[in-house]
Amino acid sequence: MVYTISGIRFPVIPSLQNSTTIRGVADRRPSSSSHSFLLNKKNYSSLSRTSLYAKFSRDSETKSSTIAESDKVLIPEDQDDSASVTDQLENPDITTEDAQNLEDLTMKDGNKYNLDEAASSFREVGDAKGSVVSSSLVDVNTDAQVKKTSVHSDKKVKIDKPKIIPPPGTGQKIYEIDPFLEAHRQHLDFRYGQYKKIREEIDKYEGGLDAFSRGYEKLGFTRSATGITYREWAPGAKSAALVGDFNNWNPNADVMTRDDFGVWEIFLPNNADGSPPIPHGSRVKIHMDTPSGIKDSISAWIKFSVQAPGEIPYNGIYYDPPEEEKYVFKHPQPKRPDSIRIYEAHIGMSSPEPKINTYANFRDDVLPRIKKLGYNAVQIMAIQEHSYYASFGYHVTNFFAPSSRFGTPEDLKSLIDRAHELGLLVLMDIVHSHASNNTLDGLNMFDGTDGHYFHPGSRGYHWMWDSRLFNYGSWEVLRYLLSNARWWLDEYKFDGFRFDGVTSMMYTHHGLQVAFTGNYNEYFGFATDVEAVVYLMLVNDLIHGLFPEAVSIGEDVSGMPTFCLPTQDGGIGFNYRLHMAVADKWIELLKKKDEDWRMGDIVHTLTNRRWLENCVVYAESHDQALVGDKTLAFWLMDKDMYDFMALDRPSTPLIDRGIALHKMIRLITMGLGGEGYLNFMGNEFGHPEWIDFPRGDQHLPNGKVVPGNNNSFDKCRRRFDLGDADYLRYRGMQEFDRAMQHLEERYHFMISQHQYISRKNEGDKVIIFERDNLVFVFNFHWTNSYSDYKVGCLKPGKYKIVLDSDDALFGGFNRISHTAEYFTSEGWYDDRPRSFLVYAPCRTAVVYALADAESEPVELSVGIESEPVELSVGVESEPVQQSVEVEP
């Protein structure tokens, strides 16, 4: 009997009494029924710093191996027939001389190694000539890197030289960029010293970040020509066995062995007919006797997991599809755009229908929409598997598995490839700040101990999020998280990450009940979690070293200095920080009357960011769209949105105000707020109401009941049809957002080095500023329109309108002539050498371009395919001073 979900077959678990014998090699055979759920290829090694020294050498029957000192490694193929050509060296950096370094190692905690054991295991991999093979470099299945000729031929196998990650620099340039950091040199130099120490130890004992970040090639399930090896780091477990559909869930059938570093391992040889011992798509778990009792857990490195109908915990799936079923990428990844415009999206709620949408539907229906709107990147939420749908993907249970709610891993790869074909970057909302509290299908209490992957006790628990907090000082946690980041970039071709909850990571108080004022003592003191900051530096090294075009964005509300400066200079290494204060400012203002809006306050909030540290700004994201909050459109128009958005009905003052301010807020946010821009799907046209995930009643331990919504999907979808309907006013807001994106694509004003704010008049409620050859004029006054309003400017010549929020196409009143030409006059005004006169209707935003220097229209793909400019990437480029002048 099987269940079917999206083509995945769920066999019923047989009774354990049906199979009690231990299967040996001779009688290993497929189980009586065909099981197919689905999972992947490679998995790498390790536990302690010296697990690299060949605890995994037992996979290989290699009798001898040599390490070349040149740039490439040549491995003789004069080995025993039983040796797998894939069980070979990948890195020439470790030599016999490293054995001398073992005496320098020190034992630091329970997760680290024993010197005698390390030395012993190190010697185990030496051949008769004394050559040494590093276990972290011995691969089970490296077909992509090792090209086999003939086992008995004289030809040699060439192994590609590892990618180079630049070594740490001096870490001193941050003091040149910001002299105020000198007062905190002791903290910052200590931080950088810890970072350099970890980098050096990784280089010395693991062969570098490149090798260290390929844990998935050893741990978890790995396939070779002769069978499947499964390894799991669970030092707290007393015993372990691999169970699943393949052995009828018999805990006595495939008992695992433990090495000195807490890694449990088992090798399953192929069946007699040559088929794999575990069928692709079948369920698997690790059965352990732990200090907390007997438990069955999903592998921490599982590549796919599913939830069977009627069940709550997820099941781990052995995912290794036949070659003909594996998706092959067809299109190259786009280059990083000069200025990034991100469309934040959630696969499941991306359908207009009340259902969970799929990767395939998103690929076919939503990606073309994003391209048409003018965005050049899509940021996808909730990719990592999470058992609780309503967590928005932030309570991750299986870090290496794409969410099965939306389809298979191959479906996700197809989606990403299609985005690349359209010239769109695909960013992943990655969660390394915390993990689900689940013990049945997550990492919590995985080996029966509280401090396995997480800090033990209260330090490892986030009381507001009800989740577990990683121990970034643990060697194996570093391996796990770094490998996880690389996995998504390598296997799925993601173009970068938005790291969630970084503020929570960087401080022991997690940013809770703390108001950051900008005082540097708030950033550099005992409240700073240096281990977490060092991890962020390491992961940015990894991302930018191995994937130079990749983008890293950090969600930080604290304003941590050096956040977006290169690690070589002493920074944390992100490309962008999310400018989160802007959205909060708009909500604050929308609770006030229009006459209480302060132009200077708006300008200050938008421009208050650190020099040379790029920001991605947004007027609203998914946070404002969640149930319990309100989107900008709902704050502005409230219940009138239900009855007065049809064009065949008269509008109301509330609707007119709301549509006008909705456009103005978004344009000024993009114009002044950052070097990148983000919008959550549907908000471009003022999506009505909020997001409410399907949920049932929640029964609390104290007896209280939190009402659910009858598991309804009605408000867990995106009504794109509203923005497309030419008979609704939503259409005008969508068209304006589209025009705004295309304007930025044409002029790249977000990254312009020229920014000058010439006017922020509190009486007129007018803000005027320049970006490159554009002049932006905002009139926030609710009734006053100004004729012959003088606008100061830098460059002489003729100006013309290139964007007008009052255009009828955008739901405006068409009060400005677009055929008019605006000529400058000499003479200082608002500290500008020239000026021109305009008509500025109330509640409008108009952008004027210098016609003589106007850029030619460009195709949407040009910004993606052109070489990145220096200013757009603070982490990779030399600092470029951006002048921001503000009227006193």
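The values are calculated or read from the model by the stated rules, or taken from the named source; none is laboratory data. Remember, predicted model here, so these are calculated numbers, not experimental data. Backbone-built Cβ (ideal geometry, glycine too); neighbour counts: all protein chains shown. These area figures cover heavy atoms from the full protein model, side chains too; ligands, DNA and RNA do not enter into them. Shrake-Rupley method; radii C 1.70, N 1.55, O 1.52, S 1.80 Å.
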Exercise. Taking the options THR358, THR397, name whichever one is under 26 Å from LYS326 (Cα atoms) and touching a strand residue (DSSP E or B) at 6+ places or on another chain (Cβ under 6 Å).
Key: THR397
Self-check item: Subset of the stretch 381-410 (residues that are acidic (Asp, Glu) and surrounded by fewer than 22 Cβ atoms within 10 Å (Cβ to Cβ))
Solution: GLU410
Quiz item: Has the stretch 317-324 got any residue that is touching a residue at least 24 places away in the same chain (Cβ under 8 Å), of a type in the set (A, V, I, L, M) and in a loop (DSSP other than H, G, I, E, B)?
Solution: no
Practice problem: Could you grab the pairs with beta carbons closer than 6 Å, sequence gap of 6+ or different chains, first residue in the stretch 263-275 and of a type in the set (A, V, I, L, M, F, W, C), second one assigned to a loop (DSSP other than H, G, I, E, B) and open to solvent by less than 30 Å² (accessible area, probe 1.4 Å)? | Solution: VAL263/LEU47; TRP264/ALA234; TRP264/MET256; ILE266/ASP254; ILE266/MET256; LEU268/PRO277
Practice problem: Name the single residue, out of those in the stretch 614-628 being at pLDDT 95 or above and out of contact with any Ser or Thr (no Cβ under 8 Å at 6 or more places or on another chain), that is surrounded by the most Cβ atoms within 10 Å (Cβ to Cβ). | Solution: VAL616
Quiz item: Do we have any residue at all in the stretch 497-505 that's open to solvent by 10 Å² or more (accessible area, probe 1.4 Å) and part of a loop (DSSP other than H, G, I, E, B)?
Solution: yes
Exercise. State whether one or more residues within the stretch 310-329 are of a type in the set (Phe, Trp, Tyr), buried (at least 19 other Cβ atoms within 10 Å of the Cβ) and closer than 30 Å to PHE720 by Cβ.
Key: no
Practice problem: Please work out if THR652 is of a type in the set (S, T, N, Q), open to solvent by less than 10 Å² (accessible area, probe 1.4 Å) and in contact with a Phe, Trp or Tyr (Cβ under 9 Å, 6 or more places away or on another chain). | Solution: no
Quiz item: Among the residues of the stretch 360-380, is there at least one that is open to solvent by less than 10 Å² (accessible area, probe 1.4 Å), over 19 Å from GLY682 (Cβ atoms) and either aromatic (Phe, Trp, Tyr) or not in a loop (DSSP other than H, G, I, E, B) (or both)?
Solution: no
Exercise. Take ASP273 and decide whether it is in a loop (DSSP other than H, G, I, E, B) and among the charged types (D, E, K, R).
Key: yes
Practice problem: Go through the stretch 706-723 and give me each residue that's without any contact (Cβ under 8 Å) to a residue 24 or more places away in the chain and open to solvent by less than 70 Å² (accessible area, probe 1.4 Å). | Solution: VAL706, GLY708, ASN709
Quiz item: Can you tell me which residues in the stretch 767-797 are within 19 Å of LEU661 (Cβ to Cβ), over 38 Å from the mean Cα position of the chain (by Cα) and not polar (S, T, N, Q)?
Solution: HIS781, TRP782, TYR786
Self-check item: Identity of the residue in the stretch 821-843, over 44 Å from the mean Cα position of the chain (by Cα) and among the small types (Gly, Ala, Ser), that ends up nearest to LEU803 (Cα to Cα)
Solution: SER835
Quiz item: Of these, GLN741, GLN755, which one is open to solvent by less than 50 Å² (accessible area, probe 1.4 Å), in a helix (DSSP H, G or I) and among the polar types (S, T, N, Q)?
Solution: GLN741
Quiz item: In the stretch 245-264, what residues are acidic (Asp, Glu) and buried (at least 20 other Cβ atoms within 10 Å of the Cβ)?
Solution: ASP245, ASP254
Self-check item: Among (1) open to solvent by 10 Å² or more (accessible area, probe 1.4 Å); (2) within 24 Å of ASN376 (Cα to Cα); (3) touching a strand residue (DSSP E or B) at 6+ places or on another chain (Cβ under 9 Å), the one test that ASN575 misses
Solution: (1)
Quiz item: Restricting the search to the stretch 383-397, which residues are assigned to a loop (DSSP other than H, G, I, E, B), modelled with pLDDT of 95 or more and not hydroxyl-bearing (Ser, Thr, Tyr)?
Solution: ILE383, VAL396
Quiz item: What single numbered condition from (1) more than 26 Å from TRP488 (Cα to Cα); (2) aliphatic (A, V, I, L, M); (3) surrounded by 18 or more Cβ atoms within 10 Å (Cβ to Cβ) fails to hold for ILE294?
Solution: (3)
Practice problem: Output the residues belonging to the stretch 642-677 that are assigned to a helix (DSSP H, G or I), closer than 30 Å to VAL616 by Cβ and among the hydroxyl-bearing types (Ser, Thr, Tyr). | Solution: THR669
Exercise. Could you tell me whether any residue of the stretch 513-531 is acidic (Asp, Glu), open to solvent by less than 10 Å² (accessible area, probe 1.4 Å), modelled with pLDDT of 95 or more and in contact with a Gly (Cβ under 9 Å, 6 or more places away or on another chain)?
Key: no
Exercise. Could you tell me which residue of the stretch 164-178 is nearest to the chain's Cα centre (by Cα), considering only residues that are assigned to a loop (DSSP other than H, G, I, E, B) and either modelled with pLDDT of 90 or more or surrounded by 13 or more Cβ atoms within 10 Å (Cβ to Cβ) (or both)?
Key: ILE165
Exercise. Return the pairs, sorted by first residue and then second, in which the second residue is of a type in the set (Phe, Trp, Tyr), the first residue lies in the stretch 653-665 and is more than 21 Å from PHE776 (Cβ to Cβ), the beta carbons are less than 7 Å apart, and the residues are 6+ apart or on different chains.
Key: ILE655/PHE644
Practice problem: Can you tell me which residue within the stretch 398-421, out of those that are assigned to a helix (DSSP H, G or I) and polar (S, T, N, Q), is nearest to HIS434 (Cα to Cα)? | Solution: SER404
Practice problem: Give the residues of the stretch 452-470 that are within 26 Å of HIS287 (Cβ to Cβ) and open to solvent by 30 Å² or more (accessible area, probe 1.4 Å), sorted by residue number. | Solution: PRO456
Quiz item: Are there any pairs, at least 6 apart or on different chains, whose C-beta atoms fall under 6 Å, with the first in the stretch 781-792 and more than 16 Å from SER825 (Cβ to Cβ) and the second open to solvent by less than 60 Å² (accessible area, probe 1.4 Å), and if so, which?
Solution: HIS781/LYS765; HIS781/CYS842; TRP782/ASP594; THR783/CYS842; ASN784/CYS842; SER785/PRO841; SER785/CYS842; TYR786/ALA840
